[in-house]
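Asker: Before I ask anything, here is the structure I am working with.
Just so you know, all these numbers are worked out from the coordinates, no wet-lab data involved. Keep in mind the model is a prediction, meaning the values are calculated, not measured. Neighbour counts run over all protein chains shown; Cβ positions are idealised from the backbone, glycine included.
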Amino acid sequence: MFRAPWEAQAFAMALALHQLGLFTWSEWAATLGEEIKRAQAAGDPDTGETYYRHWLAALERMVADKGVADTRTLARTRDAWDHAADRTPHGQPIELTPEDFAR
C-alpha cells in the first residue's frame, strides 16, 4: 500500500487530524479530489505513483485553511526536512535539528 515511510506517516496524520475533529471526511475527500484534479491539469500522468504527494498537498492545504499552521511555516518545515534528509545516511532515521531550520 505505501511505497515509502513518509506516505504511511501522511496517511496517519490525516487520520489523526480527522479524529481530533479538524475536518470531516467529506471535507477531506473534496480537498483531496481538488488536489488530484489540479495535479492532472498540470500534467500528472495519474499512474498512482504520485497519489500520496496529492494526499500530502491536501493535508497541508487543510492544515493551512484551518489555521493550524500557515503556508510559510509548512514550507519552512518541509525545507528543514529536506535538509535533514540530505545529511542523513541512507537507512538511518531522519532527525531534525535547529540547524535544519536555519537555512
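Asker: What's the angle, to the nearest 10 degrees (0 to 90), between helix 25-41's Cα axis and the longest principal axis of the chain?
Answerer: Roughly 80 degrees, rounded to the nearest 10.
Asker: May I ask which residue of 23, 56, 40 lies farthest towards the positive end of the charge dipole of the stretch 22-103, with charges of +1 (Lys, Arg) and -1 (Asp, Glu) on Cβ and the Cα centre as origin?
Answerer: Toward the positive end, the furthest listed residue is 23.
Asker: Based on Cα coordinates alone, diagonalise the gyration tensor for the chain, multiply each eigenvalue by 5, take square roots, and list the semi-axes in whole Å, largest first.
Answerer: Values: eigenvalues 116, 63, 39 Å².
Semi-axis lengths for the chain are 24, 18, 14 Å.
Asker: Quickly work out the residue 6-to-residue 72 label distance, labels modelled 7 Å from Cα along the C-beta direction, and quote it in nm with one decimal.
Answerer: 2.4
Asker: Mind pulling the angle between the C-alpha long axis of helix 71-87 and the longest principal axis of the chain? Nearest 10 degrees, somewhere in 0 to 90.
Answerer: Around 50 degrees separate the two axes.
Asker: Additional query: If amide H atoms are built 1.01 Å from N in the plane of the peptide, which residues on other chains or at least 5 residues away come under 5 Å of the amide H of residue 69?
Answerer: Correct list: 64.
Asker: How far is helix 51-65 tilted off the main Cα axis of the chain, in degrees rounded to 10, range 0 to 90?
Answerer: That helix lies at roughly 90 degrees to the long axis.
Asker: With only Lys, Arg, Asp and Glu charged, each at its Cβ (+1 for the first two, -1 for the last two), find how big the charge dipole of the stretch 45-102 is about the Cα centre; round to the nearest 20 debye. Mind dumping the intermediate values first?
Answerer: On the way: 7 positive and 11 negative charges, 37 e Å.
The calculated dipole for the stretch 45-102 is roughly 180 debye.
Asker: Further, regarding this structure: Could you work out which residue, out of 77, 31, 47, moves most in a Gaussian network model of the chain, that is, has the largest mean-square fluctuation with Cα springs under 10 Å?
Answerer: 47
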